Each structure stands twice: as C-alpha cells, then as structure tokens.
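Let me begin by presenting the structure, written as structure tokens, before commenting on it.
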Amino acid sequence: MNILVINGPNLNLLGIREPELYGRQDYAALVALVEETCAEADMKVEIFQSNHEGAIVDKIQEALGKFDGILINPAAYTHTSVAILDALKAVDLPAVEVHISEVSQREDFRQISYAGMACVRTYMGLGLEGYRQGLLFLKEYLQSH
Ligand code: CA2
C-alpha cells in the first residue's frame, strides 16, 4: 500500500509561530510522525510539501498509477482551490483531509473546504495526531474497498 501525503502552503513553518493554533512541533516532527505511523502500519509513504497551488495539482495528477491513496492538508488552499478539488476528483484515488486546527471554530472564510468535497473523511482539531488517525483510517478504507 503506497500513500502520498501532501501538505500545503506555510505548513513548513510549523512550530515557528502561532503555537496556540498549530502546536509547538515543527515540520520535521510532522514528517517523523507520518514516517513512523506508516512504517508501523506497513505502508509505503511519500511526503510532499509545497507553497504553490500548481505544484500541488501536478503532484496529485502524478499520483495516478503510483499511489493507492492520498492524505492531504491543503492548508489555505482548502478554502480557495477548485483546481485542487478538480485534481482530486480527476485521479479518483481515496483521499483523506487533515487539518491541525479546529477549522470549524475559526473564521467564516475557513468554513468552506473545496478539497474536502473529494475526500472520504476529514480530521480536524487533533493537532498532528490527525495525520496518524487519518493514515490509519486510509489503510482500513483501502483494505475494505
Ligand atoms: O489547521 C490546519 O491544518 C490548516 O490547514 C492550516 C492552514 C490554514 O490556512 C487552514 O485554514 C487550516 C495554515 C497553515 C499555516 O501554518 C503555519 C504554521 C506556522 C506558522 C504560521 C502558519
């Protein structure tokens, strides 16, 4: 089972600012948690981060035929990007959406998730733990579908 993890803009800055929203752990800790979770669950994983919408669209397109599922935190593009939604729909791979913060309790402009419309499940407000739960759910989902 081969999983692609995609992180959107500014998530590379984790741990540097806004710890009240995103915690104190940095991006390296997020990468370590994803790698550890996947190793324990016997899943192969590639982790990709970009600050560029088009690069994320390209990566989703490239996933076809290479990966079995996608776990994505599109960050701010969650709330703006029909292009990422269209790419997820086009490749039609099972996808799980993760947000570190509890987006449902934040500003109005964060209340729409385009990417989420193409995802089988969303985890939010669990900090980095949401990535772990999302990956384990994706494994279970892929095994049963
Ligand atoms: O809660 C999440 O995971 C978000 O996807 C994070 C995005 C935000 O735009 C979404 O609404 C919710 C922001 C990521 C920015 O990460 C930073 C990390 C450290 C310092 C500043 C920003």
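In a reduced charge model with +1 at each Lys and Arg Cβ and -1 at each Asp and Glu Cβ, the chain shows a dipole moment near 80 debye about its Cα centre.
Computed over neighbours whose Cβ is under 14 Å from that of K44, the net charge equals -4, Lys and Arg +1, Asp and Glu -1. Here M1, M117, M43 are placed in order of increasing Cβ neighbour count within 10 Å, fewest first, which gives M117, M1, M43. Let a ≥ b ≥ c be the square roots of the eigenvalues of the Cα gyration tensor of segment 60-145; is it rounded (a/c under 1.5), or, if not, prolate (a/b larger than b/c) or oblate? Since a/c reaches 1.5 but b/c is at least a/b, the shape of segment 60-145 is classed as oblate. Each helix, a run of at least 4 DSSP H residues, gives -39500 (n - 2.57); summed and divided by the residues of the chain, these come to -11500 deg cm²/dmol at 222 nm.
Coordinate-derived values only; no laboratory data. Owing to the predicted nature of the structure, the values given are computational and were not obtained by experimental measurement. All Cβ positions, even for glycine, are placed from backbone atoms using ideal geometry, and neighbour counts span all protein chains on display.
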